[in-house]
Structure formats: C-alpha cells, structure tokens
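Scroll down for the structure; my scribbles are underneath it.
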Amino acid sequence: MEAAVEDTIKRFRGYEFDYGWKRDPSWTQYVEILYPSEEDRQRIQNRKVLDVLEQKGETLQRPRDVWHWIYFRETDREEFRAAVTALQYRVESSPGHNNSEFPNGICIVRFQSVKPSELDDAVIELFRLAKKHCGDYDGWETQAISQ
C-alpha cells in the first residue's frame, strides 16, 4: 500500500499529503463512514434510472408522470395513502406482493420534475414517509420523452 500511495503522491507535487493505516478487522471505518446510508443508496439508484433515460436521449428537462411503489406489512398503507394524497400524489393501484415481508403495496403517481436534485428530493421525502409508516420504498419509473 505504501508504494502505491508514494507513487500517487509523486504525480501531485503541489499538494500536501498525510496518510496512514491500521487494522480494522470489524470493518468499522467502512461500515460507519464509507458505506452509503440507505438514503444515499436510494440516490444512487435514482441516478442509475436517470442514466438510462439520458442514454435514450433524454435531457431530463421536461416534467412528467412518475410512478412510485411502496410496500407495507399491515394497515400502515392507509395512513401513508392519506399522507401522500396531501402531497398531491394520486393512488394508481394497491398491488399485493406475494412471499414478502411487505405484502401490501401502493403505487402512486405525480406529475413532477425528473431533474436529479428535484427527483432526489421527492424520492427521499417518500422514502422517509414510507419508513415513518413502517413501509418499504421500492423505487420509481417514468416514460422517456423523446425530444
């Protein structure tokens, strides 16, 4: 490791470096500091879907309907439904989810922006709301709009 660091430092002579290492058999540094949080992992998933849209020629500038799926254990779905209706989401369907810890689904849709930061804000709001109501946010989709 030291040789790799020394080699890298030589390429960036205008910078000061400080480095070190220590054993971490329980991976504490990775798990507590480097590993992304649940919300950050959701943002990563959002970016993957947006990348697919961009590969299809999307500019991500035009708002459109975006569908979101959230699943619940029992009766919490109804409280969530009321909360998202107040946020101007429409309930599209209430699908079941066989062989799952969260068998009671809800699909909601809203006309919204898919610009990365605005989409992240909307998704994280739903992600947190799902957690508050003991649910599991399962993702979103939208149609690509040709320019």
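What follows draws every value from the coordinates through simple rules; no lab data is involved. Quick caveat: nothing in here was measured; it's all calculated off a predicted structure. Cβ atoms come from the backbone with ideal geometry, glycine included; neighbour counts cover every protein chain shown.
Summary table below
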{"read-out": "Nitroxide proxy distance, nm - points 7 Å out along Cα→Cβ at Arg64 and Ser113", "value": "1.7"}
{"read-out": "Relative exposure of Glu16, Glu79, judged by other C-beta atoms within 10 Å (fewest first)", "value": "Glu16, Glu79"}
{"read-out": "Local electrostatic count at Val109 - Lys and Arg +1, Asp and Glu -1, tallied over other residues with Cβ under 9 Å", "value": "0"}
{"read-out": "Exposure proxy order (Cβ contacts within 10 Å, fewest to most) of Ile106, Ile9", "value": "Ile9, Ile106"}
{"read-out": "Linear extension gain, Leu53 paired with Met1, 0.36 nm per residue minus alpha-carbon span", "value": "14.8 nm"}
{"read-out": "Sequence-separation-based contact order of the chain, relative, with Cα cut under 8 Å and 6+ spacing, percent", "value": "30"}
{"read-out": "Backbone N under 14 Å from the Glu125 label point (7 Å along Cα→Cβ), restricted to the stretch 78-111", "value": "83-90, 109-111"}
{"read-out": "The chain: angle of helix 38-55 to the longest principal axis, Cα-based, in degrees nearest 10", "value": "80"}
{"read-out": "Rounded to 10°, Cα long-axis angle of helix 76-85 versus longest principal axis of the chain", "value": "90"}
{"read-out": "Charge dipole of the chain about the Cα centre (unit charges at C-beta), most positive-ward option of Trp27, Gly57, Ile108", "value": "Gly57"}
